[in-house]
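Have a look at the structure below, then the notes.
The values are calculated or read from the model by the stated rules, or taken from the named source; none is laboratory data. All figures in this text were calculated on a predicted structure; none of them were measured in a lab. Methodologically, a virtual Cβ is constructed for each residue, glycine included, from the backbone with ideal geometry; neighbour enumeration extends over all protein chains shown. Ligands, DNA and RNA are stripped out before the accessible areas are found, and what is left, the full protein with its side chains, is counted by its heavy atoms. Shrake-Rupley method; radii C 1.70, N 1.55, O 1.52, S 1.80 Å.
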Amino acid sequence: EKGGFPSFMEKEIHDQPAAVHDTLLGRSDPRGRLILDELRIDPAELKQVNKIIVLACGTAAYAGMVAKYAIENWCRIPTEVELAHEFRYRDPIVDKNTLVVSISQSGETMDTLMAVRYAREQGAKTVSICNTNGSTIPRESDAVLYTHAGPEIAVASTKAFLAQITAAYLLGLYLAQLRGNIFSGQIKDVLADLNKIPEKIQTVLDTTGPLRELARSMKDEKSVLFLGRNVGYPVALEGALKLKEIAYLHAEGFAAGELKHGPIALIDAGQPVFVVVPSPRGRDSLHSKVVSNIQEVRARGARTLVIAEEGDEAVREYAEHVVYVPETPPLLMPLLTTVPLQIFAAELAAAKGFDVDQPRNLAKSVTVE
Ligand code: M6R
């Protein structure tokens, strides 16, 4: 059932082109209009939405963090992302014009379910982004947008993450279309770019040899840091979570801009630091700022392991190792830059002799508090 791969996680990493493809399938027409009738929420009500709150835990929350950048950009609706277990135990402000979007692979995560229940009781409209047909969270929500990643067996979430980002992007584009926030031509262009993602993920998967070798050589490391900015920030958090979960290795992700506010003190000779570099074609200052961050940690002796866009020659000089991913619009980059970090974690955990699919102390779905 592992399709010839050594673990379900490896298989699921390789399922990602299909997971994104299938999540996009049938949700737009050839003219580039979103068709999300499956949501069954009155479009007039969706037009009234003046705040979006994304609720989730773990990797699903990182998908929400990525989506926030895109949703705010396209819809101009203030969007918050909150861990479900934090949300439900404070006194959050939600009303009938709040759209609560929960994200859950299993659809059974207790904290997320309880947070959705609470929001619904307060009158919010609730949409569930979920990978499991008929599970509890979608059943208890006003609407559901399924991710079509197929069953995810490994405890460490991989293909569900990319599918969650894809689905949340479709939801964001749909809201933008309803509200007339962006030109239809722009929506069509984003959809066209999304449709090219599966092939680009495949390119990343086909070129993992040197990265795997690097991972095997690092099995005795004690700590790995991850830096990113903008949509690269949640990718850094996700890269760190994967290492903690399956390689039992101390890892932390930071917003690169935070370095000077504390974390740079951690850097000493030989400290491995992954840096997720934004596209040089995106907002110019962001790329150059991250390149400066690479220089800063390198000057203090860090080993700089860089994920960058094909053609970005500026990073070479400061990087011990560069993984290039194909060119893609800046907001879609997480669908590519996450993949090398997943592979790195899976390879490192396997090199340490751990059970990649069933890490200690963890369950696939957390149905208790
Ligand atoms: O089933 P869910 O998406 O609600 O699960 C949420 C988290 O428990 C989950 O993403 C967890 O963080 C993963 N094991 C991460 O790989």
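Whenever a residue of segment 102-118 is more than 14 Å from CYS130 (Cα to Cα) and open to solvent by less than 10 Å² (accessible area, probe 1.4 Å), its partners that are among the small types (Gly, Ala, Ser) and near the ligand (Cβ under 9 Å from one of its atoms), lying with C-beta atoms within less than 6 angstrom and at least six residues away or across chains, give the pairs ALA115/ALA84. Can ALA168 be described as within 16 Å of the ligand (Cβ to nearest atom) and either surrounded by 23 or more Cβ atoms within 10 Å (Cβ to Cβ) or among the small types (Gly, Ala, Ser) (or both)? Here the answer is yes, as ALA168 does meet what is asked. Candidates are the residues of segment 211-223 that are outside any loop (DSSP other than H, G, I, E, B) and in contact with a helix residue (DSSP H, G or I) (Cβ under 6 Å, 6 or more places away or on another chain); the one that is farthest from the ligand (Cβ to nearest atom) is ARG216. Restricting segment 12-26 to residues that are open to solvent by 10 Å² or more (accessible area, probe 1.4 Å) and touching a residue at least 60 places away in the same chain (Cβ under 8 Å) leaves a set whose member that is farthest from LEU348 (Cα to Cα) is LEU25. The residues in segment 176-221 that are more than 22 Å from ALA349 (Cβ to Cβ) and among the basic types (Lys, Arg) can be counted, and the count is 4. Annotation: of all residues in segment 54-82 being away from the ligand (no atom under 16 Å from the Cβ) and of a type in the set (Val, Ile, Thr), the one that is farthest from the chain's Cα centre (by Cα) is ILE77. Is it fair to say THR158 is of a type in the set (Ser, Thr, Tyr) and either surrounded by fewer than 23 Cβ atoms within 10 Å (Cβ to Cβ) or more than 24 Å from ASP357 (Cβ to Cβ) (or both)? The answer is no for THR158.
Scan segment 122-140 residue by residue and report those that are away from the ligand (no atom under 14 Å from the Cβ) and either under 15 Å from MET110 (Cα atoms) or of a type in the set (Ser, Thr, Tyr) (or both).
So the first thing to find is which residues in segment 122-140 are away from the ligand (no atom under 14 Å from the Cβ), and the list is 122-127, 134, 139.
THR126, ARG139 - these are the residues of segment 122-140 that are away from the ligand (no atom under 14 Å from the Cβ) and either under 15 Å from MET110 (Cα atoms) or of a type in the set (Ser, Thr, Tyr) (or both).
For segment 28-44, which residues satisfy the criterion of being under 18 Å from SER184 (Cβ atoms) and surrounded by 10 or more Cβ atoms within 10 Å (Cβ to Cβ)? Correct list: SER28, ASP29, GLY32, ARG33, LEU34, ILE35, LEU36, PRO43.
May I ask you to verify whether VAL94 is on the phi < 0 side of the Ramachandran plot, without any contact (Cβ under 8 Å) to a residue 60 or more places away in the chain, more than 10 Å from the ligand (Cβ to nearest atom) and crowded, with 22+ Cβ neighbours inside 10 Å?
On the way: on the phi < 0 side of the Ramachandran plot: yes; without any contact (Cβ under 8 Å) to a residue 60 or more places away in the chain: yes; more than 10 Å from the ligand (Cβ to nearest atom): yes; crowded, with 22+ Cβ neighbours inside 10 Å: no.
Against the criterion (on the phi < 0 side of the Ramachandran plot, without any contact (Cβ under 8 Å) to a residue 60 or more places away in the chain, more than 10 Å from the ligand (Cβ to nearest atom) and crowded, with 22+ Cβ neighbours inside 10 Å), VAL94 does not qualify.
Only one entry of ALA143, ALA115 meets the criterion of being at pLDDT 95 or above and within 15 Å of the ligand (Cβ to nearest atom), and that entry is ALA115. Between ARG303, ARG281, ARG229, ARG298, the distinction of being within 28 Å of ALA60 (Cβ to Cβ) and among the basic types (Lys, Arg) belongs to ARG229 only.
Go through LEU194, LEU227, LEU237 for me and flag whichever is on the phi < 0 side of the Ramachandran plot and within 16 Å of the ligand (Cβ to nearest atom).
Among LEU194, LEU227, LEU237, only LEU237 is on the phi < 0 side of the Ramachandran plot and within 16 Å of the ligand (Cβ to nearest atom).
Looking only at residues of segment 267-321 that are among the β-branched types (Val, Ile, Thr) and outside any strand (DSSP E or B), we find that the one that is farthest from THR203 (Cα to Cα) is ILE267. Here's a check for you: in segment 53-62, which residue that is out of contact with any Lys or Arg (no Cβ under 8 Å at 6 or more places or on another chain) and not in a helix (DSSP H, G or I) is farthest from SER157 (Cα to Cα)? Only one residue tops the list, namely ILE53. Scanning segment 242-270 for residues that are under 30 Å from GLN358 (Cβ atoms) and more than 16 Å from the ligand (Cβ to nearest atom) gives HIS250, PHE254. Among residues of segment 358-369 that are open to solvent by 80 Å² or more (accessible area, probe 1.4 Å), those with a Cβ under 9 angstrom from a residue that is more than 11 Å from the ligand (Cβ to nearest atom), sequence gap 6+ or separate chain, pair up as ARG360/TYR248; ARG360/PHE354; GLU369/MET114.
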